[in-house]
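Novice: To start, I am sharing the structure in question, which I have written as structure tokens.
Please treat every number below as a calculation from the coordinates, not as lab data. Note that the structure is a prediction, hence the values are computed from the model and not measured. Here Cβ is always computed from backbone atoms with ideal geometry, including for glycine, and neighbour counts include all displayed protein chains.
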Amino acid sequence: MALPTSIDLQIVTPNRLIVQEQVDEVQVPGSEGYFGVLPGHTPLLASLAVGELWYRKGQEKTYLAIAGGFAEVLPDRVTILAQLAERAEDIDVERAESARRRAEERLTQKVDVDFERARAALLRSLTRLQVASRIGLRTGASRRVRP
Ligand code: ATP
């Protein structure tokens, strides 16, 4: 049987379908570390961490913030069932900044703090900020080449 030449990527959350595209490569934030998928990958099931997922079509990469869920990898298909999945352009940076500040303040308090909850909120906010900055980085780069 011929090896597949692309991946049918589907990313869904409990609320909606976020991505349905033919792509060339995917990087997934697995709970045991990031892993890359190219067409023809060995089948696997993995749980997802909070982190950045990207997929590539030709030269173009698209970034999403992901938090929790499962990934199913087949040679010609990747299905991401995520608790949260946000495209870079849908991330509200001010909201993520406030969430980061709130979580950092909580983590410096000594009493009456649910540390695990604050740590998880901090991780979500930092991931959102990193993913959102991917768009900013592109804009910044194109600005620098202008006189
Ligand atoms: P916050 O404290 O700002 O609510 P959070 O990390 O506690 O942040 P979540 O519980 O992870 O928020 O998400 C709740 C809903 O709000 C989800 O639908 C999520 O996609 C959305 N959301 C949270 N933060 C942002 C953001 N900065 N930009 C866009 N959507 C966001």
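Novice: Apply the Karplus curve 6.51 cos²θ - 1.76 cosθ + 1.60, θ = phi - 60°, to the phi angles in the range 68-82 and return the couplings in whole Hz, x for Gly and Pro.
Specialist: The phi angles translate into x, x, 9, 10, 10, 10, 10, x, 10, 8, 10, 10, 10, 9, 10 Hz.
Novice: Looking at the chain, identify the longest residue range that excludes and avoids all trypsin sites (Lys or Arg not before Pro) in DSSP loops having at most 11 other Cβ atoms within 10 Å. Write down the numbers at each step before the final one.
Specialist: Working: sites that count: R16, K110.
The segment 17-109 is the longest one with no such site.
Novice: Right, next: Placing unit charges on C-beta atoms (Lys and Arg positive, Asp and Glu negative, everything else neutral), compute the dipole magnitude of the chain about its Cα centre in debye, rounded to 20. Could the numbers behind the result be given before it?
Specialist: Values: 21 positive and 20 negative charges, 131 e Å.
Computed about the Cα centre, the dipole is about 620 debye.
Novice: Still on this structure, please answer the following. Can you list the residues, at least 5 places off or on another chain, whose amide H is less than 5 Å from the amide H of L48, using H built in the peptide plane?
Specialist: S31, G69, F70, A71
Novice: Report, in degrees rounded to the nearest 10, the 0 to 90 angle that the Cα long axis of helix 115-145 makes with the longest principal axis of the chain.
Specialist: Once rounded, the angle reads 70 degrees.
Novice: From the helices alone, meaning DSSP H stretches of at least four residues, give me the mean residue ellipticity at 222 nm for the chain, per-run term -39500 (n - 2.57), in deg cm²/dmol to the nearest 500.
Specialist: Details: 2 runs with 47 residues, N = 147.
Theoretical 222 nm ellipticity from helices: -11000 deg cm²/dmol.
Novice: As I understand it, the dipole of the chain uses +1 on the Cβ of Lys and Arg and -1 on the Cβ of Asp and Glu, about the Cα centre. Which of T13, S31, G58 lies farthest toward its positive end?
Specialist: Selected residue: G58.
Novice: Per-residue HN-Hα couplings for the range 95-109, Karplus 6.51 cos²θ - 1.76 cosθ + 1.60 at θ = phi - 60°, whole Hz, x for Gly and Pro?
Specialist: Working through the residues one at a time gives 5, 5, 5, 5, 4, 5, 4, 4, 5, 5, 4, 4, 5, 8, 6 Hz.
Novice: Enumerate the whole-percent occupancy of each 10 Å bin, from 0 to the last occupied one, for all C-alpha pair distances of the range 54-135.
Specialist: Here the calculated profile for the range 54-135 is 17, 38, 29, 12, 3, 0.
Novice: Cα atoms only, the range 1-47: Rg and Dmax in Å?
Specialist: Rg, Dmax (Cα atoms, Å): 11.9, 36.
Novice: So, one more: Over all directions, average the projected area of the Cα convex hull of the chain and note it in nm². Working shown, then result.
Specialist: Working: hull surface 44.3 nm².
The number I arrive at for the chain is 11.1 nm².
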